[in-house]
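What follows draws every value from the coordinates through simple rules; no lab data is involved. Only a predicted model underlies this, so the values are computations on that prediction, with no experimental measurement involved. Glycine also receives a Cβ, built like all others from the backbone with ideal geometry; neighbour counts cover every protein chain displayed.
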Amino acid sequence: MEGDTRAQLADAALGQRLVVDGAVVFVFTAFHERTTIRYGDGGVRYIHMEAGHAAQNLCLQATSMGLATVVVGAFLDERVAEILDLPRNEQPLYIVPVGRTAG
C-alpha cells in the first residue's frame with residue numbers, strides 16, 4: 001500500500017469525516033486463527049479485548065500529548081481490507097484517527 005488512503009478509509013467508515021481529517025490513522029487488525037488455534041472460540045473474545053486495550057492506550061497517549069483522537073468501529077470490513085491490501089485471513093477491527101485538536 002502506498003500513498004494517502006485517509007479519504008478512502010473515511011468513505012469505508014461510512015463517511016466519518018474525522019478519519020480523513022486525522023494526521024495519521026491507525027487500523028487495528030487481527031489474524032483470528034492465531035489465537036483461536038490456542039484458545040478455541042474464546043480466542044475471539046480475547047482478540048477483541050486486546051484490540052480495545054491497545055486502542056485505549058493509543059487514545060490515552062494521544063490525549064496526554066494534546067492530540068485529538070476517536071475510535072471508529074463503524075466501517076465496511078471488506079472495503080477497509082481491500083484499501084489496505086490485507087491478506088484474506090486478516091480482518092480490520094478498529095480505525096483510530098489521531099491529529100491536532102481544533103483551535
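Remark: relative contact order (the range 19-81) = 21 percent; criterion is Cα-Cα distance under 8 angstrom and separation of 6 or more residues.
What value, in deg cm²/dmol to 500, does the helix sum -39500 (n - 2.57) over DSSP H runs of n ≥ 4 give at 222 nm once divided by the residues of the chain? Before the final figure, lay out the partial values.
On the way: 5 runs with 50 residues, N = 103.
The helix-only estimate for the chain comes to -14000 deg cm²/dmol at 222 nm.
Simple spin-label estimate for LEU14 and LEU76 gives 1.3 nm between the two label positions (7 Å along the Cα-to-Cβ direction from each Cα).
Report the Stokes-Einstein translational diffusion coefficient (µm² s⁻¹, integer) for the range 6-94, Rh taken as the Kirkwood radius over Cα pairs, at 10 °C with viscosity 1.306 mPa s.
Working: Rh = 14.0 Å.
Answer, rounded: 114 µm²/s.
In order along the range 10-15, phi translates into HN-Hα couplings of 4, 4, 5, 8, 6, x Hz, rounded to whole numbers, per the Karplus curve 6.51 cos²θ - 1.76 cosθ + 1.60 with θ = phi - 60° and x for Gly and Pro.
Suppose the chain between HIS32 and THR63 were pulled fully straight at 0.36 nm per residue; how much longer would it get relative to their current alpha carbon spacing?
Values: separation 31, 0.36 × 31 = 11.16 nm, distance 2.97 nm.
Here the segment from HIS32 to THR63 would lengthen by 8.2 nm.
Sparse packing (at most 15 other Cβ atoms within 10 Å of the Cβ) combined with a DSSP loop state is found for the following chymotrypsin sites (Phe, Trp or Tyr not before Pro) in the range 1-75: PHE31.
For TYR94, nonlocal amide neighbours, meaning residues 5 or more places apart or on other chains whose placed amide H falls under 5 Å from its own, are PHE28.
Taking the charge dipole of the range 6-94 about its Cα centre, with +1 at Lys and Arg Cβ atoms and -1 at Asp and Glu Cβ atoms, the residue from GLY52, VAL27, THR63 reaching farthest to the positive side is THR63.
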